[in-house]
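One structure is given here, and the rest of the page talks about it.
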Amino acid sequence: MALLNLLSSILIGMTLASHIPQYHRLLTAGSSLGLSLPSVLMMTLVAQGQTATMYYLFKSASDMRYGVPIMTPPSQRDWLNLTQILTQWICSLFLFALIIYLPTSSSNPTPTILSKRVAVLLWILHIVLFTLSVPIGGRPQDIVFNIIRNINAAIINPLFTLIAAVSVFIQARAMPDQLMGWSQWTLGLQSLTYLILAISWPFRLILPPNMWQLGSKPALLLEWYPWVGWACVNNAILAIGQGMILFLSISRVADGNSSLADERRALLGSDEL
């Protein structure tokens with residue numbers, strides 16, 4: 001347990017450190033060219049959705065008939081898990097803020113400004129809906145709270161997992177030939193960090209034994225994702241996605257260097273003639 005808590009602490013630091021090269025690259029370039037606004041918005045919403053899910057788990061802990069993945073009172077492991085989720089949310093939120101603030105070097109900025117306004121409104125809408133659900137839900141033993149929590153687990157969580165997968169393909173399609181926005185250091189570090197997180201989450205966010213004894217094996221597999229599996233699945237998608245973007249980034253830079261070398265050889269050949 002102590003070793004797992006140590007790994008959790010290290011992963012929190014790795015998550016934070018992996019974003020720093022990206023922030024530095026954006027601020028140095030003064031442009032967000034190369035980063036897809038819809039993709040970054042989607043990942044920010046996914047991180048917010050994970051934060052909301054952790055809220056419901058923590059609030060449900062003291063009043064669950066069959067137990068909950070969060071202990072009562074929360075253990076050190078539980079607080080480290082919450083810190084990991086909050087760190088990912090804050091880091092993605094700061095990246096989203098940079099994308100909104102920095103120009104995209106577009107020759108026609110009007111559509112970009114409109115899309116940024118729409119993105120901010122969507123982000124605010126998600127925050128408002130979650131904030132309203134807190135007082136409306138009431139106490140953990142109230143029917144309304146259980147309805148909201150179950151909707152989040154059965155519908156909203158899978159939706160955000162799908163959004164995470166879609167955001168990867170949107171970013172891959174939006175990448176220009178000259179990648180000014182993405183830091184390869186960030187892509188590499190995040191791919192590694194999210195991969196370790198995906199592997200570690202099944203050992204950190206665990207269904208209690210009494211919840212494993214409530215139904216048939218297929219039913220338990222369906223219960224695993226909405227209660228604890230979302231963290232593993234979402235981070236696995238992030239690891240694959242960042243690795244894919246890193247591969248595309250390296251490939252396009254290599255192709256650009258190769259084209260530049262061909263042009264230089266052609267110029268040298270014409271000079272000799």
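The values are calculated or read from the model by the stated rules, or taken from the named source; none is laboratory data. Since we're looking at a predicted model, the values are computed, not measured. All Cβ positions, glycine included, derive from the backbone under ideal geometry; neighbour counts span all protein chains shown.
Checking the structure you have, find out if any residue of segment 209-223 is in contact with a Ser or Thr (Cβ under 7 Å, 6 or more places away or on another chain), part of a helix (DSSP H, G or I) and either more than 30 Å from THR28 (Cα to Cα) or modelled with pLDDT of 70 or more (or both). Looking for residues that are in contact with a Ser or Thr (Cβ under 7 Å, 6 or more places away or on another chain), part of a helix (DSSP H, G or I) and either more than 30 Å from THR28 (Cα to Cα) or modelled with pLDDT of 70 or more (or both), one finds none in segment 209-223, hence no.
Mind checking which residues of segment 13-26 are β-branched (Val, Ile, Thr) and surrounded by fewer than 20 Cβ atoms within 10 Å (Cβ to Cβ)? Of everything in segment 13-26, just one residue is β-branched (Val, Ile, Thr) and surrounded by fewer than 20 Cβ atoms within 10 Å (Cβ to Cβ), namely ILE20. Filtering ALA47, ALA29 for residues that are buried (at least 21 other Cβ atoms within 10 Å of the Cβ) and more than 19 Å from PRO140 (Cβ to Cβ) leaves a single hit, ALA47. Looking at segment 109-201, none of the helices (runs of 4 or more DSSP H) lying wholly inside it contains 1 or more residues that are surrounded by 18 or more Cβ atoms within 10 Å (Cβ to Cβ), touching a residue at least 12 places away in the same chain (Cβ under 8 Å) and in contact with a strand residue (DSSP E or B) (Cβ under 9 Å, 6 or more places away or on another chain). The set of residues in segment 179-191 that are closer than 19 Å to VAL46 by Cα and either out of contact with any His (no Cβ under 9 Å at 6 or more places or on another chain) or modelled with pLDDT under 75 (or both) comprises LEU187, SER191. Screening ILE70 against (1) over 25 Å from GLU223 (Cβ atoms); (2) crowded, with 21+ Cβ neighbours inside 10 Å; (3) not basic (Lys, Arg) leaves a single unmet condition, (1). Of all residues in segment 251-260, none are among the small types (Gly, Ala, Ser), modelled with pLDDT under 90 and touching a Ser or Thr at 6+ places or on another chain (Cβ under 7 Å).
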